[in-house]
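Colleague: Following this message is one structure expressed as structure tokens.
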Amino acid sequence: MGAELKIGLVGCGAHAGSHVRGLLGARDSVAVTAVCDLDPERAALRGAELAAARVYADYEAFLGEADVDGVLLCLPHRTHAPATIAAARAGKHVLVEKPITTSLADANAMIEAADSAGVTLMVAHNQRFFPEHQRVRALLDEGAIGTIYCARADHNQEFLPPGSHWIRRREEAGGGATMGYGVHRIDLLRWLVGEIAQVAHFQHAAPDRRSGFEGETSAVTIFTFANGAIGEMAINWTARRPPWMDMLYLYGDQGSIHNVGGLFVDSRRHSGALDGVVKVDVPDADPFAEQIRHFAACVLNGTEPLTSGADARKTLEVCLAAYESARTGQVIRLPLPTANQAPT
């Protein structure tokens, strides 16, 4: 394998758009040599966009013939496991969209397949690669706000995919807004605050069901963390023209951080914020390109990804605990008692 990783994109629909931008932005690290989609026309369009040498409409043929070191899977959630396992058995490294899959049993099988084949498995929890979040992580590592005792990560969006889109169907998506986007915010909280110990979750669908979603379209989740902190997440897919999409608040015993209108810190320790709240500079970078560069570096150097399969399994477990809380009306403790707990 040379210094440039050869990648094949699998799944060429709208879901892949941001990843296409990332692949184009990370051409210093990867070369897209093939694309694959069940729709030949869609595959051809993405292939032309990425200047890929080969275009496939059959996944088995793609795995058997394409000159690729790794695959980027942009597929419906429920297909992540079989597609990942097949790629691993074919000796391909895998970067799969979030969530890792929709059940812990499938996540276990994906991790085992990658380990057995000696290939890298990384999950596209891209919010860890947002420059703003990288800056927050650096501030926390510096001790700028001390020990976090309270955290909040919200998401507001008017999300209206086409009526036939797979994400509207609970079986294919593994749930609703919590699995579809809340998984991002849960993963971010785990990375910034620590592992989650307990979950209480409340959810409902769009009031008149006009959205056509089978799963929940809004939810509020309350967490306790293993380190003693508490937290909250509110997800809303039916917000009309929300002024802010993703909001983050972190409160520590030495200060606080929030991102409303920019990234701000108030700190008793950070030299620039001793006299009050200050806006923090954030570098300009594409998180999708940075994520792909990280994947390529991990494959080429034999290092574990920041968002490895094993780590992403923990984020999935929190999502499944949230659904179990909604189903039972109880606070759910982690880890879950069974390895095959699935969403309801």
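Colleague: Residue by residue through the stretch 89-118, note down the ones that are among the aliphatic types (A, V, I, L, M) and within 20 Å of the chain's Cα centre (by Cα).
Modeller: 94, 95, 96, 100, 104, 105, 107, 109, 110, 111, 114
Colleague: Can you tell me which residue in the stretch 233-285 is farthest from residue 131 (Cα to Cα), limited to those that are small (Gly, Ala, Ser) and either in contact with an Asp or Glu (Cβ under 7 Å, 6 or more places away or on another chain) or in a strand (DSSP E or B) (or both)? Walk me through how you get there before you give the answer.
Modeller: Step one: filter the stretch 233-285 for residues small (Gly, Ala, Ser), giving 234, 239, 252, 255-256, 261-262, 267, 271-273, 276, 285.
Next cut, either in contact with an Asp or Glu (Cβ under 7 Å, 6 or more places away or on another chain) or in a strand (DSSP E or B) (or both) only: 234, 239, 252, 255-256, 267, 273, 276.
On the way: 234: 22, 239: 25, 252: 21, 255: 21, 256: 18, 267: 20, 273: 20, 276: 23 Å.
Here the residue is 239.
Colleague: From 67, 28, which residue is out of contact with any strand residue (DSSP E or B) (no Cβ under 8 Å at 6 or more places or on another chain) and more than 21 Å from residue 98 (Cβ to Cβ)?
Modeller: 28
Colleague: Would you point out which residue out of 262, 272, 255 is free of Cβ contacts under 8 Å to residues at least 12 places away in the same chain and of a type in the set (Gly, Ala, Ser)?
Modeller: Numbers: 262 fails: free of Cβ contacts under 8 Å to residues at least 12 places away in the same chain; 255 fails: free of Cβ contacts under 8 Å to residues at least 12 places away in the same chain.
That would be 272, the only listed residue that is free of Cβ contacts under 8 Å to residues at least 12 places away in the same chain and of a type in the set (Gly, Ala, Ser).
Colleague: Of the residues that make up the stretch 283-299, is at least one out of contact with any His (no Cβ under 8 Å at 6 or more places or on another chain), free of Cβ contacts under 8 Å to residues at least 60 places away in the same chain and not assigned by TED's automatic domain parsing to the domain that holds residue 170?
Modeller: No, that holds for no residue.
Colleague: Determine whether the stretch 4-21 contains at least one residue that is among the hydroxyl-bearing types (Ser, Thr, Tyr), outside any strand (DSSP E or B) and closer than 18 Å to residue 291 by Cβ.
Modeller: Restricting attention to the stretch 4-21, the residues satisfying the condition of being among the hydroxyl-bearing types (Ser, Thr, Tyr) are 18.
Applying the additional criterion that residues be outside any strand (DSSP E or B) yields 18.
Going one step further and asking which of them are closer than 18 Å to residue 291 by Cβ, we end up with 18.
Yes, some residue in the stretch 4-21 is among the hydroxyl-bearing types (Ser, Thr, Tyr), outside any strand (DSSP E or B) and closer than 18 Å to residue 291 by Cβ.
Colleague: Could you pull out the residue among 267, 256 that is of a type in the set (Gly, Ala, Ser), buried (at least 17 other Cβ atoms within 10 Å of the Cβ), modelled with pLDDT of 95 or more and not assigned by TED's automatic domain parsing to the domain that holds residue 116? Before you say what the answer is, go through the steps one by one.
Modeller: Values: 267 fails: modelled with pLDDT of 95 or more.
Going through 267, 256 in turn, just one is of a type in the set (Gly, Ala, Ser), buried (at least 17 other Cβ atoms within 10 Å of the Cβ), modelled with pLDDT of 95 or more and not assigned by TED's automatic domain parsing to the domain that holds residue 116: 256.
Colleague: Can you list the strands (runs of 3 or more DSSP E) found entirely within the stretch 89-175 that contain at least 1 residues being out of contact with any helix residue (DSSP H, G or I) (no Cβ under 8 Å at 6 or more places or on another chain)?
Modeller: Once the strands (runs of 3 or more DSSP E) in the stretch 89-175 are filtered for at least 1 residues that are out of contact with any helix residue (DSSP H, G or I) (no Cβ under 8 Å at 6 or more places or on another chain), what remains is 148-156.
Colleague: Being modelled with pLDDT of 95 or more, surrounded by fewer than 21 Cβ atoms within 10 Å (Cβ to Cβ) and within 20 Å of residue 117 (Cβ to Cβ) narrows it down to one residue among 41, 49, 65; which is it?
Modeller: Selected residue: 65, the only one of 41, 49, 65 that is modelled with pLDDT of 95 or more, surrounded by fewer than 21 Cβ atoms within 10 Å (Cβ to Cβ) and within 20 Å of residue 117 (Cβ to Cβ).
Here's the yes/no breakdown for (1) crowded, with 16+ Cβ neighbours inside 10 Å; (2) under 21 Å from residue 5 (Cβ atoms):
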| site | (1), (2) |
| --- | --- |
| 276 | no, no |
| 281 | no, no |
| 290 | yes, yes |
| 296 | yes, yes |
| 314 | yes, no |
| 317 | yes, no |
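The values are calculated or read from the model by the stated rules, or taken from the named source; none is laboratory data. None of these values were measured; they are calculated from a predicted model. Positions of Cβ are backbone-derived with ideal geometry, glycine not excepted, and every protein chain shown enters the neighbour counts.
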